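Report on the following structure.
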Amino acid sequence: MSFLAPLFLFGALAIALPIVFHLVRRSSKENIPFSSLMFLHPTPPRVTRRNRLEHIFLLLLRCLVIGLLAIGFARPFLQKPMSFNPPSERGRRIILLVDTSASMRREGVWPAALAKAEELLNSVSTADQVAVLTFDRQVHSLVSFDQWASIGQSERAALTAGRLREVKPTWANTHVGNAMIAAAEAFTEADKQDQNLGPRRIVLISDLQEGSRLDGLQGYDWPRGIEVQLERIQTERPTNAGLQWVMDADDSAKVDADASSRIRVSNSPNARREQFQLRWEGVSGTTPVDIYVPPGQSRIVQAPTLPPGATGEHLVLRGDDDDFDNAAYIVQPKAEQVTVLFLGDESEKDPTQPFYYLKRGFQQTRRQVVHLSAHPASAALPPDELNSARLLIATDRLPENQVNAVQTFLDNGGTALFIMKNTAMAETIGRCAGTGALTAKDIVATNYAMFGLIDFEHPLFAAFADPRYNDFTKIHFWKYRRFETGNLPGARLLARFDNGDAAFVEIPRGKGRLLVLTSGWQPADSQLALSSKFVPLLYAMLDLAGGIRAQVAQFHVGDPVDLASALVSTVAQSIAVVKPDGQQIKLEPGEMRFSQTDIPGIYSVIAGGTPIRFAVNLDATESRTAPLSIDELERLGIPLKPREIELAKQIEQRRVLQNAELENQQKLWRWLTVAALVLLLMETWVAGWLTRRTTMPAEGTT
C-alpha cells in the first residue's frame, strides 16, 4: 500500500494520548457504608493515583479510531506498475548524423566519435531501421534505410561500422543546420513511402563546437514525432588557437608584398596556453614573432618580416595543442594591368582640358593598375594597344582612319566614351555609330543645367541607386551640346538634363557600345570633374567595359572558383588544376568552374600560359572549438531528447499523476472514514456502559 500524502501518517502519534490518559488518571477510594451521617459535615472524597491500564478494549477502540483517521487523511491506494506506451511493431527509425568537419581532426575526437557510433549501432534491435549520414558543409549519405534493410540482420552493425571507419574527417567547416534539416527531410521521404512508422530519432555525433553554422534552423517547421539525441564528443586538450589573414580592401593603395601581411590569431575561451609563435614555413633567415593571446581573445599582428627577395606563402602557428588549424596560405594578388586609350590633342598638365582630370581620376590600387595611353586624334593607333585596351575615350574629332579603327574596336566588343566638348564631335559620333554625320548645337544654360532623369537600372548608374548616393543635383552644367538621338538605332538615354535634353547616351554597335556625354567635365563646361561622383563614374565605365576582373587569390575549403574571370582567353584552351598534394585535375572543355577545393594549400591553374595560383585556407569558424551551448539549440526549436535530469523529472511527474489517478479511482479513505465512525460509535457505547457500571451510588455515601 502506498500513500498520496504520507505526512499525515504522523497524526498516528496521537494514539499515545489515550494510552497516557488511561495510565495517568485520578479515582476515588472505595465507599464504606456507615450509619447515620446527618450530624456530620459533607467532605469531598479523597482520590488516589492509579498507574495500571484498565478497560483495554476501550483503549484499543480509541487507538484504532485515531489510526484509521491518520491513514485516511494520508490517502492510501494500492500501487500498480507504471504503464508505458507499447512499442511500435515496426521498431524505431534512427538516423546517425556523424560530423566529419575539420574540427573533428583534433586529437582523440574522431576515434571517440567512431566508438560512440559503433556503440549505438550495436545497441539497436533487429526491428530498428538505421541510416547513416556524414556531414561537414555538405551532407553525404553513407548508408540509407534501404541499404540497411538489404543487409543481413546479424551483419548490419558490423558492415555499417566498417564503412564508417573508412571515412576520414575533411577540411570543410561544420554546417549543423543543413545536416539536421536533411535528416528531418529524409524521415519525410520515408513517411511518403511507408506510413506505418515507429518512433523516429536523429542521433547527432559531433564535437558541437561554437563555430558550427546553424543557418536554417530558426523557424524550421519540424515534422511531428522526431526526437534529436545529442552525443557530444569532447577532447582532453582544450587549448586551440587559430590564425587567418586580414585582407585589405580591393581599392587599397597598397600594391607591395606587405599589403596583406596582417594576421589575426584567436585563442579558445577554455585555453590553458597563452604564448604562441608565428613563423614562415620553408623560408630561411626569418625571425619568428612571439604572440601573447589570452583565453577567449584575439590579436592582430604583422607577419614575420621576410628577407629581401624572399616570398612567403605558408605561415604556421606554434605552441598550440591542436595543429589542424595552425597553417595559413596566401598568394599575393598581382595588380591587373588595365589599358585605357585616350584620343585627343590635350596636355595632361592643362587643368582646362578633360584629360587633366582623367589622368588623376584613375588611381593605382591593389586590384588594378590603370595605364592611360594617350594618342593624338590624328595619329594611327597601334594594333596591339587597340586589341588589349578595355576602354577607349575620345574628346576630339577623329579622322577617317581613326573612325575605322574605333568601329572595329566596337564591333569586337569594346566600349568607347566620346566626350562632346565641342559640336565637331557630333560628326565622329554619327560615323562611328554607322548612321552618317550628325549635327549638334551648343547650348548655354541660363543659370545652370542639372541631371533631371537618370536611369539607375543601367549598370553605369546602378552603384548610385541607393538613396544615400543618388543625388546629382549638386553637379551643375554651364553648357552642353544638343543633338538629335532619334536617328541613332537602339540608342538609350541614360541621363537627361532637367529640360529634357540628352545628357548621357548609350549607342550599341556590334558586340560593343558607344557612350556619349554631351558635356565636358572640365570646369568650363561643368562641375562633374570636381564632384564626388566623378571617380566612381569612371570606374563604373571601366567595369562596364570589362576592365575590372575578379581577383582569384584567396578562398576557403569547399568554395567554388570561377576561372573564367581570371583567364584572359578561354577559347580552345586545355585547363588543368594542380592541387597542393600534386594531384592534377583536367577540366572538361568549356568548364570554367572548379569546385574540388577540398584541402588547404596553394592551387595552380595551367591554361597554356603563366600558371595562375590561388590559396585555399581553412574556414576561421573551425577554430572556434569551445562547446556550443545546448540552450542555443533549444532556443532554435530543435526537438531535443530530454536530458537525464529532465527525464527523471518527467518520470517522477508521471508517477505522481498515476498515483493520484489510482487513489482517485480506489478512494480507500472513504472506507477508512466509515470504519473510524463505526469504531467511534462502539467506543461511545462501551465508555457509557463502563461509566454506568462503576458509578452506581452506594448507600450511605456522599
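Read-outs: derived from the displayed coordinates by stated rules, not from any lab. Predicted, not measured: the structure shown is a model, and the values here were computed from it. Backbone-built Cβ (ideal geometry, glycine too); neighbour counts: all protein chains shown.
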Rounded to the nearest 20 debye, what is the charge dipole size of the chain about its Cα centre when +1 sits on each Lys and Arg Cβ and -1 on each Asp and Glu Cβ?
3860
Would you list, by chain and number, the lysines whose Cα falls below 16 Å from the Cα of Lys474, excluding same-chain residues fewer than 8 positions away?
Lys533
With a cut-off of at most 14 other beta carbons within 10 Å, and DSSP calling the residue loop, which GluC sites (Glu not before Pro) in segment 454-535 qualify? Please list them.
Glu457, Glu484
For the Cα atoms of the chain, what angle does the longest principal axis make with the long axis of helix 156-165, in degrees from 0 to 90, nearest 10?
40
Please list, by residue number, every one of the trypsin sites (Lys or Arg not before Pro) in segment 262-295 that is coil in DSSP and has at most 13 other beta-carbon atoms within 10 Å.
Arg272
How big is the Kirkwood radius of segment 554-621, worked out from every pair of different alpha carbons and given in Å to one decimal?
12.2
Computed E for Ser388/Gln583 - FRET, C-beta separation, R0 45 angstrom, nearest 0.05:
0.85
Could you tell me the distance between the Cα centroids of segment 406-454 and segment 325-374, to the nearest Å?
25
Nearest 10 degrees, 0 to 90: what angle lies between the long axis of helix 534-544 and the longest principal axis of the chain (Cα atoms)?
90
Distance (nanometres) between label positions extended 7 Å along Cα→Cβ at Thr435 and Gln596
5.3
What FRET efficiency, computed as 1/(1 + (r/R0)^6) with R0 = 25 Å and r the Cβ-Cβ distance, is obtained for Arg468 and Gln527, rounded to the nearest 0.05?
0.80
How tilted is helix 400-411 with respect to the longest principal axis of the chain? Cα atoms for both, answer in degrees (0 to 90, nearest 10).
20
According to the square roots a ≥ b ≥ c of the eigenvalues of the Cα gyration tensor, what is the shape class of segment 336-544, taking rounded for a/c under 1.5, prolate for a/b larger than b/c otherwise, and oblate for the remainder?
rounded
Given an 8 Å cut-off on Cα distances and at least 6 residues of separation, report the relative contact order of the chain as a percent.
15
Distance cut-off 46 Å, percentage of C-alpha pairs in the chain lying past it
55
Long pairs among Lys116/Lys641; Lys116/Lys168; Lys359/Lys441, criterion Cα-Cα beyond 24 Å:
Lys359/Lys441
Arranged from highest to lowest average of other beta-carbon atoms within 10 Å per residue, in what order do the peptides 207-215, 664-672, 231-239 appear?
207-215, 231-239, 664-672
To the nearest Å, what is the center-to-center distance of segment 664-683 and segment 266-282, using C-alpha atoms only?
78
How about segment 461-535: which chymotrypsin sites (Phe, Trp or Tyr not before Pro) there are in a DSSP loop, with at most 14 other Cβ atoms within 10 Å of their Cβ?
Tyr469
